[in-house]
Amino acid sequence: MQTENRKLTLKNYIGYGTMDLFGGGAFAIIGAWMLYFFITYCGLTPVEAGSIIAIARIIDAIASPIMGHITDNFGRTKLGKKFGRRRFFLLVGSPLMVIYSLLWISDMNYWYYLTVYILLEFLAAMVLIPFETLGAEMTNDFNARTKLSTIRLIYSGLGTFLATFIPGRLFEIFGKDSPQVFLYNGIIFTFIFMAALLITHRTTWERKIEEDMIEPYGVEKVPAIESIKKFIIDLTSTFRIRSFRQHITMYICSFTAMDILNAVFVYFIVFSLNKDAVLASDLLSIGSLLQMLCTLLFGWLVIKIGPAPSLKISYIAIITCISGYIFLYFTQPTFMIIALYAFSVILGIGKSGLYYIPWNIYTFIPDVDEMVTRKRREGIFAGIMTFTRKSTTALATFLVGVILQESGFVASATTQSTTAINGIVGILFFGTVGLVGISLVISFKFKLSKKTHSIMINEINRLKNNGSMEQADDETRSVLKALTGWDYENLWGNNNVGYQNKLQNFEQQDFKQQDMN
């Protein structure tokens, strides 16, 4: 297996990244405004609002790894061979983006919002899972993949900036208490997302891959029960890769921390600091703008000093910022507004690395997995990342709603009790600083870098050219042990990770049973 021998041009970099206007924009709006919209304009309680997001994300968490498994194997179908096993879903997903507008109609009932949000989560899984594999599909080069991830996250930052900036301007035009602001905003972004999917579909490609690389147990059909076993084994086997375990833990903790921050930030500004929603929107937008610009900085840092040191800078910046927000709450200084903008600058810098680096790292995880299993499983890794994160995010979002309600938060009230305000502050501090702190600790143990990746790719290519495993040098063995968690002798398919070995075990057990009989 090799990626296509095609040179990435500026058109490809820009076209690939455009898709993340949806990934960055849609869920930035949802994270910043959904609870506020549901509680303020739709008559839902905090628990009802939180449960909608939680239930939909749990359902999507289950659907995402299934979607990853489908895209890994969709290339065997007629549609997959004609339109691409990944890119086909971008083409189908574009007209379905109208679902996003339906989410922002006010004064509907609980079941309407739950149904529409579930449909939106299904749509997101259908387009984002295959999209997330394209960086690894298009090139093996570390620098090229890093540039693709950089462009992608710049667009994600642009989407996040627009998601925070446009609502503020619409509030100014239609009034701070108008629910129509959210519907108009949803319609605007629906057309943006539709165009983004089509552009990415037209400017990307997928690697040419042999049949046995997408069908782990051969080309013959197997019974349905064996397909289910294969799917379950594929999912669980991803966690036997050391780099992935470390990566997924940092990813889940840091991204969930940002989900919590987004869920309570508007409430913190409006109720804890006694400011208005327009200021909250402006603070979010300036942070998002810096997030977009600083992605270039972190792209350069990843190439120069590596992913782990860059993550440390990002996590420390975020912890500093959140601590600064809490300091302002307790001191109430006269320079409050200036300080809020200053800390938002720090937050934007930190978030740019937090959002960018994990998805840059992800594009190299399938290479580590190939060193262990000799298979290409980009889709299943994208699916399991979404599954684990959305499971924890769903729980975190629901708990935010529960804590708000239990602390005495009153929906639609212009002021809140001291207990409710303290609840908001507690969620902001412990939910963000605590989780980011866990990610910071793990970043000291993460060893994937440009150098170690290059050593691994060279070894993969050597073994593909019939090189002997006995000839591997000590540095290669040490690097691969650090990345995979396996002794060198157990790599390159000489282990029980992946379905082929498991299926052989099942067959051997059947033969033994027959012999006993």
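The values are calculated or read from the model by the stated rules, or taken from the named source; none is laboratory data. In this text the structure is predicted, and so the values were computed from the model without any measurement. So basically every Cβ, Gly included, is an ideal-geometry build from the backbone, and we count neighbours across all protein chains shown. These accessible areas exclude ligands, DNA and RNA; they are computed on the full protein's heavy atoms, side chains included. Shrake-Rupley method; radii C 1.70, N 1.55, O 1.52, S 1.80 Å.
Which is within 16 Å of ALA396 (Cβ to Cβ) and more than 27 Å from the chain's Cα centre (by Cα), of GLY434, GLY423? Spell out how you get there, then give the answer.
Numbers: GLY434 fails: more than 27 Å from the chain's Cα centre (by Cα).
The match here is GLY423.
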Exercise. Search region 383-403 for residues that are farther than 16 Å from GLY31 by Cα and of a type in the set (Phe, Trp, Tyr) and pair each with any residue that is assigned to a helix (DSSP H, G or I) and modelled with pLDDT under 75 when their beta-carbon atoms are under 8 Å apart and the residues are at least 6 apart or on different chains.
Key: PHE387/ALA61
Quiz item: Which of (1) open to solvent by 90 Å² or more (accessible area, probe 1.4 Å); (2) at pLDDT 50 or above is the odd one out, the single condition LYS512 does not satisfy?
Solution: (2)
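Quick one: is LEU183 of a type outside the set (Asp, Glu), farther than 30 Å from TYR36 by Cα and either open to solvent by 40 Å² or more (accessible area, probe 1.4 Å) or touching a residue at least 12 places away in the same chain (Cβ under 8 Å) (or both)? Talk me through it step by step, then tell me what you get.
On the way: of a type outside the set (Asp, Glu): yes; farther than 30 Å from TYR36 by Cα: no; either open to solvent by 40 Å² or more (accessible area, probe 1.4 Å) or touching a residue at least 12 places away in the same chain (Cβ under 8 Å) (or both): yes.
Against the criterion (of a type outside the set (Asp, Glu), farther than 30 Å from TYR36 by Cα and either open to solvent by 40 Å² or more (accessible area, probe 1.4 Å) or touching a residue at least 12 places away in the same chain (Cβ under 8 Å) (or both)), LEU183 does not qualify.
Filter region 33-47 down to residues that are open to solvent by less than 20 Å² (accessible area, probe 1.4 Å), more than 16 Å from LEU120 (Cβ to Cβ) and in a helix (DSSP H, G or I), then give me how many there are. I'd like the intermediate steps shown before the answer.
If we filter region 33-47 for residues that are open to solvent by less than 20 Å² (accessible area, probe 1.4 Å), which is where we start, we get 33-35, 37-39, 42, 44, 46.
From what's left, more than 16 Å from LEU120 (Cβ to Cβ): 39, 44, 46.
The next check asks that each one be in a helix (DSSP H, G or I); those that pass are 39, 46.
Total satisfying the criteria: 2.
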Practice problem: Evaluate the following for PHE74: is it among the aromatic types (Phe, Trp, Tyr) and at pLDDT below 90? | Solution: yes
Quiz prompt | Top-ranked residue in region 175-226 [being of a type in the set (Ser, Thr, Tyr) and at pLDDT 65 or above; ranked as nearest to ARG376 (Cα to Cα)] | solution = THR204
Quiz prompt | region 357-392, residues that are within 13 Å of MET250 (Cα to Cα), of a type outside the set (S, T, N, Q) and open to solvent by 10 Å² or more (accessible area, probe 1.4 Å) | solution = TRP359, ARG389
Self-check item: Candidates LEU428, LEU404 - the one that is open to solvent by less than 10 Å² (accessible area, probe 1.4 Å) and over 25 Å from the mean Cα position of the chain (by Cα)
Solution: LEU404
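Report yes if THR150 is out of contact with any Cys (no Cβ under 9 Å at 6 or more places or on another chain), buried (at least 21 other Cβ atoms within 10 Å of the Cβ) and hydroxyl-bearing (Ser, Thr, Tyr), otherwise no.
Details: out of contact with any Cys (no Cβ under 9 Å at 6 or more places or on another chain): yes; buried (at least 21 other Cβ atoms within 10 Å of the Cβ): yes; hydroxyl-bearing (Ser, Thr, Tyr): yes.
Judged against the criteria, THR150 is a match.
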Quiz item: List pairs: first in region 111-129 and over 22 Å from LEU44 (Cβ atoms), second open to solvent by less than 10 Å² (accessible area, probe 1.4 Å) and of a type in the set (D, E, K, R), Cβ under 7 Å, 6+ apart or cross-chain?
Solution: ALA125/ASP60
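Here is a yes/no grid of residues against (1) at pLDDT 95 or above; (2) open to solvent by 40 Å² or more (accessible area, probe 1.4 Å); (3) part of a loop (DSSP other than H, G, I, E, B); (4) in contact with a helix residue (DSSP H, G or I) (Cβ under 9 Å, 6 or more places away or on another chain):
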{"position": "ALA411", "(1), (2), (3), (4)": "no, no, yes, yes"}
{"position": "VAL436", "(1), (2), (3), (4)": "yes, no, no, yes"}
{"position": "ILE442", "(1), (2), (3), (4)": "yes, no, no, yes"}
{"position": "SER454", "(1), (2), (3), (4)": "no, yes, no, yes"}
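With the condition kept exactly as written, say whether any residue in region 5-26 is over 20 Å from HIS201 (Cα atoms), open to solvent by 60 Å² or more (accessible area, probe 1.4 Å) and touching a residue at least 40 places away in the same chain (Cβ under 8 Å). Steps first, answer last, please.
Going residue by residue through region 5-26, those that are over 20 Å from HIS201 (Cα atoms) are none.
Taking every residue of region 5-26 in turn, none turns out to be over 20 Å from HIS201 (Cα atoms), open to solvent by 60 Å² or more (accessible area, probe 1.4 Å) and touching a residue at least 40 places away in the same chain (Cβ under 8 Å).
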